[in-house]
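*Asks:* Pasting a structure below so you can have a look.
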Amino acid sequence: MSDPSDKTGKTPEWVSCKHSIDKLVEYLDGTLAPEEQRALDRHFKLCPPCLDLLRKYRAVPKLCQRALADEVPEETAGRLTSFLRAKCKGC
Ligand SMILES: [Zn+2]
């Protein structure tokens, strides 16, 4: 299933922390569209809490990442988002 918002032809200039977290697994897998991959790259460069999270997430074995992504995406994203909101006021 594809997201209809991907078909607008617009390159996302900035993505939210929640969006970055939602897409983290795909980002690490390299399965995102190139422009989305770049948008997340940009986010991680400008958002230290998300970069920190990315580094931590990279340390998690791939199988666990997939299990997390498949089984508890909303809960995981929700918890990470609350964590990040507390740290990252600008997003
Ligand atoms: Zn962020």
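The values are calculated or read from the model by the stated rules, or taken from the named source; none is laboratory data. What you are looking at is a predicted structure, and each value in this text was computed from that prediction instead of being measured. A quick note on method: Cβ atoms are made from the backbone with ideal geometry, for glycine too, and the neighbour counts reach across all protein chains shown.
*Asks:* Pairs please, first residue from region 15-27 and free of Cβ contacts under 8 Å to residues at least 60 places away in the same chain and farther than 10 Å from H43 by Cα, second anywhere and among the hydroxyl-bearing types (S, T, Y) and near the ligand (Cβ under 9 Å from one of its atoms), Cβ atoms under 8 Å, 6+ apart in sequence or on different chains.
*Replies:* Y27/S20
*Asks:* Would you pick out the residues in region 19-78 that are within 11 Å of the ligand (Cβ to nearest atom) and either modelled with pLDDT under 80 or polar (S, T, N, Q) (or both)?
*Replies:* If the condition is that a residue be within 11 Å of the ligand (Cβ to nearest atom) and either modelled with pLDDT under 80 or polar (S, T, N, Q) (or both), then S20 is the only one that fits.
*Asks:* Assuming V15 fulfils every condition listed in (1) part of a helix (DSSP H, G or I); (2) buried (at least 17 other Cβ atoms within 10 Å of the Cβ); (3) modelled with pLDDT of 85 or more apart from one, which condition is it?
*Replies:* For V15, the exception is condition (1).
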